[in-house]
Structures are given as C-alpha cells and as structure tokens.
Amino acid sequence: MKKILPVIAILVILSTWIQAQDLEFTLRYNADDDQYEVYTLPASTATTFFWGPSQISIVAPAEVADAPFAITSVASGAWEDNSQIYGPAVSPDSDFHGVGTLGAPVSLTAGEETLLFFFPNPAPDCVDGYRLFINNSDPTSADAGMLGTDFFNTIIGGPQGGTAGEQYAGNYANEGTACNTCNPDGPMITVTPTTLTLSSTGFASTTIEQLASATDECDVVSLEASQLTFGCEDIGVVDVEITATNASGFTSTETVAVTVEFDQPNLACIGEINLTLNDECQGLLIPQMILVGNVACLDAFGFEIIVQDSDPSNGPIIDGCGEFNYMISSTASSGTTTTGFTGDFSEDNFTVVSGADADVTFTADEINMVSPNVTGGTGLDDIASVAYQFSEEGTVSFSADYSLDADIIVDLLIIDFDGNVVFETSGDEVITNAGTIDIEEAVMPGNTLMITLQGDGFATGGQQSFVTIRDFSFSTGNLLGLDFETCWGVVRAEDKTPPAVVTTPANIDLLCVDLDGNNLATLPTSVSRCYTVDASTGATVPGTMASALRARLLARTTAPVVPTFTDGCSDEIEVCVSDAVAYGDDPDCDDVVITRTFVATEIAVCASASGEENPSVTASYTITFDRPTLDDLDGDNIEDVVEIESCGADPSVRPAPRASDYPFLAIGDRTFNLSTGTAVCNIGVTYSDGPSIVTCPNTYKFVRTYTVIDWCDAGDIRTFTQVVKVGDTTAPTFVGPNVETDADGTLVYGTNAGNICAAYLRLDDVSVTDNCDGDVTVSAEIFPNGDLTAAPIGAFTVVPGGSPELSSAIPAGTHILRYTYSDVCGNTGVTDYDFRVEDQTPPVAVCEDGLNISIAGSGANNGFAVLTPENIDNGSYDDCSGVTLEIARVNDSDLPIGLYGPQITLTCDDIGTVRVGLKVTDALGNMNFCWLDVLVEDKLAPTCVAPGNTTITCVDYNASLPNDITDASFAQLDALFGEAAGVDNCGTTITQTVSGTINSCGVGRITRRFTSTDGAGFTNTNVCSQIIDVIGIHDYRITFPTDESGDCMEVPSYDAVVAEELACDLITTTVDV
C-alpha cells in the first residue's frame, strides 16, 4: 500500500452552534407605530435554538400609569408581563415589569436582530426613559420596596444537539428610549479627507474629530473610525470607514480617504558585508542587510537586487561561496500577473525529480504527475516531484486535481530560505481519493514551492495515482518607487555550516557467529577506514571505499550500512569509520556490542575569511551480537525420520549423521545446523545410536538420540530422537507411456473402439527400474473424469515391455491413469497421468448412388436448382458426435472447385452431368469425403406470347409490304406488327409462319403463327398467333368535263371523265352521250 506525505488543505465548516452567554438584548421605541419593541442579537447561528423558560425585565418611568403592559409575542413563545413593582423605595422614579415566557424553538442567525415581543405605549403621550433591567446594577429582590420580586434577566436554552444553559449575555443600546424620532438610517455623517505624513519611525495618527462629524434628530451616541493610526504599509490612499450610532441604535457608515505620504528617505549602500550561506549553500540578500539611513519603511518600497554570482537571473539569491558584487536599485511596480508554465515558470526553471516508476510532464498550462507510470510498475522508485524557488515577493495560486490510490495523499510545501516550512498541507484535507483543491498563498523571495507524489516503495497492484496542477498564476503587489540612485557593494558569502547528517542507520542485532565478519577493529592496518561521498547526494564515490571495509559494513545486507552525509557547499565529504568493541564480564557467554562511529569532514572548496575549517559531524549506531539459547531449538528443528540409501547395507554398521540430519537452531530467518565436534557459539551436540532392526533383506532401522548442550547454561540440556532407516528406501523409478501430449502435458489417445466413442489404452508401454535387486510389481487404474474419489476402472496388472496389455474401452473425455509400482521392500511409488480420449477418427461419409435433378423455372432465362448436402447424403455419421455436411463442385480428380459450403446452385449451363463432393466434419474437425455424378435436366416446356391483334390500312400495307404477304420477311413483319416472346427457364427460340389474302381493293386478313422452342426441344403447347386486319380507305377524286355545244346533230367534242384513285379504290367510269 502506498503512503504519501501530507495533503493540500481544504477547510470544511460543518456548523456553528450557539455557545453559553451568547444573546444580547435591546429595547427600542417605534415612533411610527407608537410601541416599544424588544430584540435579541445572537453572536452565533443556530438553525434550531430551543428557547426555554426566560425573563426579560423592563424599567419604565414611574409617571407611566401603574398597569401591566399589553404584550404581543413574536418569537420564542408566549411572552407575558408576569410581575410589576411600581415606584419602590429603592428606586421611586422607576417601575419594574418582569416579562416572561416558557419558551419555544426559534431560528437565530449571527449578527441579525430577532424581534421577540412588543407592547403599545401605555401613556397618552410619549415618555422618555424606557430601558431594559441591568443585572447586578438595578435593585435586587432584597432591596426596599421590591417585595422579594426578582427582575433579573435570564435566558435558558441551547442549540439542537447541545446542552441547555444560561444564554443571557447583556444589553446593548440601553441608554433609555427617547421620544424624539431617531433617523432609522442612522446619523448623517460628514467626512473630511485628510493627508498624513509618516514620521521617521514610519508612523502617523489622526483623530475621529479630524476625519468626521455626525448629526441626527436624536442623540448621536457614538462616532468611530476603522483606523486612526497608520504605518509604512499604508502609504497611499487608505479608505477609513466611519460608523455613527444614534440613541435608537441605528447606525450609518461613510468612507473617508486618508492619504498617507512619506518623506523620501536618505539611503546608502554598505560597501562590504559578510553573509553565511545556508545548508543548501545559498544566501538571500535583502534591502535591510545592505542599506543604511532611514530604513523604517523599506518593506513598503520596491527594490531590485542583483548578485553577480554564477546565476544573476535569480536576483538576490547568492549561489555558492565567494566574493560577489551586488547592485540595488529602486523599482516601482503596479503589480503584474504571470499565468501558466511559460517564461520564468517554464519547465527549465523547475527542479524536477521523476523516479523510474513515475512521470512528470509539463505543458504550457499544466503539470501532470503520475505514480507509478505503468500499471505493472514495481513501485520501488515511484517519486514524482517538482520544486520552484521564487526570487520576488508575490502571491502564487493554482488548482490541483487529484485521483489517488487508497491511502495515498499528495504533499505540498512552501519552505522559506532558511529551510522552515511556512505552509504545509495535511492528510485531513483530502476528503476523498478524487477531487480538486484550490491554493492561494503569499510567498517571499527565496521561498520554494514543492509538490510531491510519492509512494512507500511497494508495488501498487495495478493502481495509479494522478495529480494535475492547472490554472497557475503568480501575482506581484504594488511597489512604491524612491528617489534613490542605484548603489553597489560587495558581499562575501562564506560556508560556516558543517556537513548535515541526513540519515543514521538504526541499531542492528546480529548473532555471535557474525562478529568476526563485521568487526572493523580486526581489519589489517593497511586497509583504509575512510571513504569519500558525493556531498550533494550522500552517495559513496565509486572506488573510494576499500573492498575489505565494504564487506565489514554490510551487516548481512546487500549494501554497506552507513549514515548519509550531505553538504551544500562542498563537492565531496570524507567519512572515516571506527568500531569500539565492548565485551561483557564473561566474554564467552555475554553479548558483544560494537559502537560504530562515522566522522564526516567536508573537503572544503570555499575559503574561510578567518581561515577556520568547518567542524566535522559524527553519526553512530550499535551492533549487538547475541548468543543463541536452547529456546531457539524445538521439536520441529529435527527430522523425525531420515533415510540413508544403501543396498545390501550391513546392519552392524550404523552410518554417522549427515549435516542435514542434526538438530538445527532457528533464529529469526536464519538456521544453523549443529554437528558433533563443533559448536555454534555456545551450543554443542552429541549423539548415540540404538540397536539395528532388520525390516527386509535390503533395509534396517535404528533409533538415534541427540543431546544438545548450552555451555553458558549447563543445566539446560535438550534431547531429540530420530529414526534412521538404512538400505533400500527409495521407490522404483518409473517412466510413463510413450504417448503424444498436448500443450498442458495431458496424454492424448484417439478413439479406436469401432462404432463406439471410446478407446482401448495400451498400458504396458512403460518402463520401471529399481536401485536394488528384486522384482518390481506394476498395476494400473483409470479414474473416470479425473475423480480420484470415484471407483476406478481396473486394476490392470502391467508387465512393462511384455505382451500388450490393453484396458477396457475408455469413453471419450478427460480421465486419470494411475500407475502404482512397488519393490521387494515395499517402497511404493504412484504416478498419475492426466489423459484425454478424443475423437481422432474421421466420420463415415456416405453419398447417394446417382442423382437426377431438374432445373426449376423462376422467370425467363433464369432457371436454377439448389443442391444441398442433405440432397446427396445417404446417412453419413461419426462415432462420437454429430456431423456437419457441406457440398462443393469437384473436378475430375475430385478436388473442390472453390470452397465447400451449405449449398451449390445449378443453372441451365449445367444441364448434363455435374460432379459434386460431400464433406462430412465431426465436432473435433475430423473430415471425410464422398463424391457422385448428378444428372441435371430441363423438364419444362416453354410458353409463347404473341403480339396483340392489330389493323393496318390498305394504304400502309401497299406502302410497306409486298402484294403477296408470304413474300414479306419476318423482320418486316416484326417491325410492323411486333415480336412474339418465348418464356422458358433455360431460354427459347421463336419461329413464325404467315398466311392471308388481300383482295383487289386492298382489304383482307393476315395470320401470323409463332412457335417457341427451348434447348431440350420442347415447344409451346398454347396457341400463339396474331391476326392483322387490312382495312380499306375510300379516297378518290373524279373530274367531269366541261359543257360543250355543237350545231344541229353534230356531237361536239368533249373531255373524258377523269377518276383519280387516292387510296385503294378501283374506279371505273363510263360515258353515255
């Protein structure tokens, strides 16, 4: 689980409750309604305030008629004038009225008045001087004339969920009512703008009378100003708020401008100054360090300081030791705002740390941080951090969007130049694991902003955390300029800081056996005890630590256990280490303690003005070498039974214990095997053996007893017994079936049992050997479906390499084959093999013995037939599963033309014999094929559709056709009278004949007869003919001769009658004279 340091602040105010003594009261005269009103003013808010039994007493002038007030309740229950004392001896000019209530819940808002009750003016005319009773000032119940009546103001109550108590806090504006009408808008304020000049110490003051006056129809009881004293930070125009209050408590405010001026200070530079650098080898030069004269208001003015060191761009910040010129000048600024991560705030000016398992990326608008950077990251180097050092005063603001793994938070710090944390977020401020936090903080020159997302070095299980910094801005304030010329000086920056001890290792506990390998005191004097570290990181400089020293500093780890020293101004630090070894009073039995001390001395690169070197620093830790006790030994620290392999061993010879046979010490995560003749520090062991017992021709057993002694505690002796078995103790070596396996190592058998989905397994294809002489027996069992708790199939006696031994038929599925093998001493081994019987036999493919299929009709010239696998299948099957059928055309070699599929389509082009194949596939993809010839036939006669009957005039006939219609070509007839159509599934050919007679007048009938013939020779059975009627047209012109005359019997000459045949008529004329 990743842990990340504190988080960005969010402050959440849940609620504010009324606290004890939180209510003030006032009495006010309302001239418009001629009534007196009582108000309460709470200091805190309570949505539901349980107002309990309470009393507010009113003091009235004695001249008012003696009678209870007619109270009208508004809030906090029913109020009544419960008690009255008129003109008592102790205060004869006053009447006292105790107004009380049993209470009721009310909602109160801090700073807002709530009207509780009111009563009408009991007098004919207004009387001045009504007020509220003043506790501990007005008469008590014991005073003369008070008749034991208590008029103390008391308010009992409390907020919902709180504790009830006294809530009365006093009165306000209780000087007594006035009959003259006060201005409800408050007094009229007249202001007088004023100019002040700061003194040499940077201060100036004025009075309320100089700034304002107020008038009202009634008394002005107070006139106050928000500010009357001014300092350097006020130079310029200050808006001062004037508040006036009249006798009725009404207030008004006005603002008056106070101009704060200053006399130009007389300033000069210090020619030379000495400055001590901080731990980071930096210094900050501020105006107060280098200017003399009238310096009271330096903070109010703008100055630019530039130190001519290795990095003048960071202005007043001194980087490193040495002697540098500085320059200071006055600057005036009206304030600027820089947004985004560009310019001075670009990535190049940030210090970015990004571990191997984290990422930091910049854009012009955002910084994006992720840890770890990949979901599979180790999490071991997951820091993501950015830092920026400000060189001028201003305000930094930004928003941080975060999405964090559980328990992870993001750390944000602002650190001043001296290393002090001036702003830090805390874990309580991240309310959920995802959200947005807004930051706005003031920074000074030298302040550093740091944002870090860091885990605890553990893998995150795929979880990533993200932080996005956006809406970044930096704003500078208004700075005043001075009539101040630039001046110069010299700053001498010195390193006065010794190296820093960053980390010191924790004390270490080792064992007494580790002393020699960790004691520096026993190193030869030729081995240097000193080494060099990088002053910026604290890492050891390669090659500077002697290998023998390094080995003694490991303390059973992989890296030397050393403190971390750093120094900001040095490049390197020399570290020297020594050991102080302390033995106890009994060196052989007491623990040994080494105090290891490291002394770090900087290898100075900065010259000291005084010539003094910076002091060294030390860090140390202890290593305690503990001695074991027999409490580190128990019954689990020895094997109960050990076996020693030895065929034909002599029972009279008992072999000595092996190293692993002895009891062992378990100390933490370390174990130490004891052995005879040597000791582990103060722990020793001996053993003795009992008589041998022969258990089989090759094996015997005996009992061995170990005695363990702590030489430092002679009374503590532990014994352990162990059975030692010598001889043939190992089961035979077995090599399983020589059968193909799948990727998981499962044996795979194919079905081979005929027409059932099962397989016979050959069991004897195994081998077995034993390390000792004697027969080995082997048996086999099969556990169906891999269930070792079920009854097995078998057992089968197996003779490896003998005659084939087959199992019974084992059904398809996954099972376990168990071989059990034993030697003559009963050493038995069991080996289980997962195996699978699967269908490896192709299915049986059976095709029909010949098939005829007719082309169906589906429109003109579009006949087809669909042939499916089922049409040609004649009972194909598989032993283990159903089968899938597919069909394809095949060539003369029975190879598919195209792919096998669910059907093929036969068309008229296929009429004749078509070769097809049937593909049969079982559930495991085993395939088989069969083929046959299919006779494709066309059994459908065509139809014929003649053009419609029509007519033609004799004129058109004579113009387009021969006199004998049989002499007309079919093309002429088709063009004039239309073509016949033949409809057939496989196409058709149309032929025609024509007959008919036309008389001399051009009138007659023509008959066309059509025949549709398809490719199979079938003709149409329907009558297919067209009748064409030729009709006559009567159109002619007759021209008669003109009249002629002749003499007597003379027949004059005359023209003939002229007949013109314009159509088909045959005109004959005769003339009679």
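The values are calculated or read from the model by the stated rules, or taken from the named source; none is laboratory data. These numbers were taken from a predicted model, which means no experiment stands behind them. Neighbour counts are summed over all protein chains in view; Cβ atoms, including those assigned to glycine, are modelled from backbone coordinates with ideal geometry.
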Quiz prompt | Which listed residue, of Asp892, Asp922, Asp878, Asp873, is surrounded by 20 or more Cβ atoms within 10 Å (Cβ to Cβ), at pLDDT 90 or above and among the acidic types (Asp, Glu) | solution = Asp922
Quiz item: Got a sec? Which of Thr149, Thr163, Thr154 is within 27 Å of Ile56 (Cα to Cα) and free of Cβ contacts under 8 Å to residues at least 40 places away in the same chain?
Solution: Thr163
Quiz prompt | Counted residues, region 704-745 - those being surrounded by fewer than 16 Cβ atoms within 10 Å (Cβ to Cβ), more than 27 Å from Ser779 (Cα to Cα) and in contact with a strand residue (DSSP E or B) (Cβ under 6 Å, 6 or more places away or on another chain) | solution = 7
Quiz item: So, of the residues in region 867-889 that are over 55 Å from the mean Cα position of the chain (by Cα) and hydroxyl-bearing (Ser, Thr, Tyr), which turns out to be nearest to Ala809 (Cα to Cα)?
Solution: Tyr877
Practice problem: Return the total of residues in region 794-850 being aliphatic (A, V, I, L, M), farther than 24 Å from Ala758 by Cβ and touching a Gly at 6+ places or on another chain (Cβ under 9 Å). | Solution: 1
Quiz item: Is it the case that some residue within region 754-765 is modelled with pLDDT under 90, assigned to a loop (DSSP other than H, G, I, E, B), surrounded by fewer than 18 Cβ atoms within 10 Å (Cβ to Cβ) and among the acidic types (Asp, Glu)?
Solution: yes
Quiz item: Of these, Cys530, Cys576, Cys589, which one is at pLDDT below 95 and either at negative phi or surrounded by fewer than 17 Cβ atoms within 10 Å (Cβ to Cβ) (or both)?
Solution: Cys589
Quiz item: Residues in region 800-814: is at least one more than 24 Å from Pro697 (Cβ to Cβ), among the acidic types (Asp, Glu) and not in a loop (DSSP other than H, G, I, E, B)?
Solution: no
Practice problem: Out of the residues in region 766-817 that are at pLDDT below 90 and of a type in the set (D, E, K, R), state the one that is nearest to Thr841 (Cα to Cα). | Solution: Glu805
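Residue-wise test of (1) of a type in the set (D, E, K, R); (2) in a loop (DSSP other than H, G, I, E, B).
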residue: Asp631; (1), (2): yes, no
residue: Asp636; (1), (2): yes, no
residue: Glu643; (1), (2): yes, no
residue: Cys647; (1), (2): no, yes
residue: Asp650; (1), (2): yes, yes
residue: Phe672; (1), (2): no, no
residue: Ser688; (1), (2): no, no
Self-check item: Segments classed as strands (runs of 3 or more DSSP E), wholly inside region 1001-1073, with at least 2 members that are surrounded by 12 or more Cβ atoms within 10 Å (Cβ to Cβ) and touching a helix residue (DSSP H, G or I) at 6+ places or on another chain (Cβ under 9 Å)
Solution: 1004-1014, 1025-1031
Exercise. Sort out which residues of region 453-475 are at pLDDT 85 or above and under 22 Å from the mean Cα position of the chain (by Cα), and write them in order of number.
Key: Phe466, Val467, Thr468, Ile469, Arg470, Asp471
Exercise. Please name all residue pairs, on different chains or six or more residues apart, with Cβ atoms under 6 Å, provided the first residue is in region 256-276 and is under 17 Å from Glu494 (Cβ atoms) and the second residue is of a type in the set (Val, Ile, Thr).
Key: Ile270/Ile290; Glu272/Val490; Ile273/Val491; Leu275/Val491
Quiz item: Residues of region 808-854 being crowded, with 17+ Cβ neighbours inside 10 Å and charged (D, E, K, R), which ones?
Solution: Arg818, Asp823, Arg836, Glu838, Asp839
Practice problem: Might you let me know whether region 830-848 holds any residue that is of a type in the set (A, V, I, L, M), more than 58 Å from the chain's Cα centre (by Cα), part of a strand (DSSP E or B) and closer than 25 Å to Asp742 by Cβ? | Solution: no
Quiz item: Here are some conditions: (1) under 30 Å from Gly684 (Cβ atoms); (2) at pLDDT below 90. Leu511 meets all but one. Which one does it not meet?
Solution: (2)
Exercise. Considering every residue within region 143-156, establish whether at least one is in contact with a Lys or Arg (Cβ under 7 Å, 6 or more places away or on another chain), at pLDDT below 95 and in a loop (DSSP other than H, G, I, E, B).
Key: no
Exercise. Return yes when Val617 is surrounded by 17 or more Cβ atoms within 10 Å (Cβ to Cβ), hydrophobic (A, V, I, L, M, F, W, C), in contact with a strand residue (DSSP E or B) (Cβ under 9 Å, 6 or more places away or on another chain) and under 30 Å from Glu323 (Cβ atoms) and no when it is not.
Key: yes
Quiz item: Does region 351-371 include one or more residues that are surrounded by fewer than 21 Cβ atoms within 10 Å (Cβ to Cβ) and part of a helix (DSSP H, G or I)?
Solution: no
Exercise. Give just the number: which of (1) surrounded by fewer than 18 Cβ atoms within 10 Å (Cβ to Cβ); (2) within 18 Å of Val541 (Cβ to Cβ); (3) modelled with pLDDT of 95 or more does Val605 not satisfy?
Key: (3)
Quiz item: List, please: which pairs have Cβ atoms under 7 Å, are six or more places apart or on different chains, and start with a residue in region 593-613 that is under 21 Å from Leu553 (Cβ atoms) and end with one that is surrounded by 14 or more Cβ atoms within 10 Å (Cβ to Cβ) and basic (Lys, Arg)?
Solution: none
Practice problem: Could you please find all residues in region 688-716 being closer than 30 Å to Val592 by Cβ and touching a residue at least 24 places away in the same chain (Cβ under 8 Å)? | Solution: Tyr706, Val708, Ile709, Asp710, Trp711, Cys712, Asp713, Asp716
Quiz item: Among the residues of region 523-569, how many are within 25 Å of Cys606 (Cα to Cα), in contact (Cβ under 8 Å) with a residue 40 or more places away in the chain and within 43 Å of the chain's Cα centre (by Cα)?
Solution: 9
Exercise. Among the candidates Gly611, Gly648, Gly684, single out the residue that is loosely packed, with under 14 Cβ neighbours inside 10 Å, of a type outside the set (S, T, N, Q) and more than 30 Å from Asn771 (Cβ to Cβ).
Key: Gly611
Quiz item: Of Ser213, Ser248, which residue is part of a strand (DSSP E or B), outside the structural domain of Arg131 (by TED's automatic domain parsing) and under 28 Å from Asn171 (Cα atoms)?
Solution: Ser213
Exercise. Check Val994 against each of (1) part of a loop (DSSP other than H, G, I, E, B); (2) in contact with a helix residue (DSSP H, G or I) (Cβ under 9 Å, 6 or more places away or on another chain); (3) within 25 Å of Gly1032 (Cα to Cα) and name the one condition it does not meet.
Key: (1)
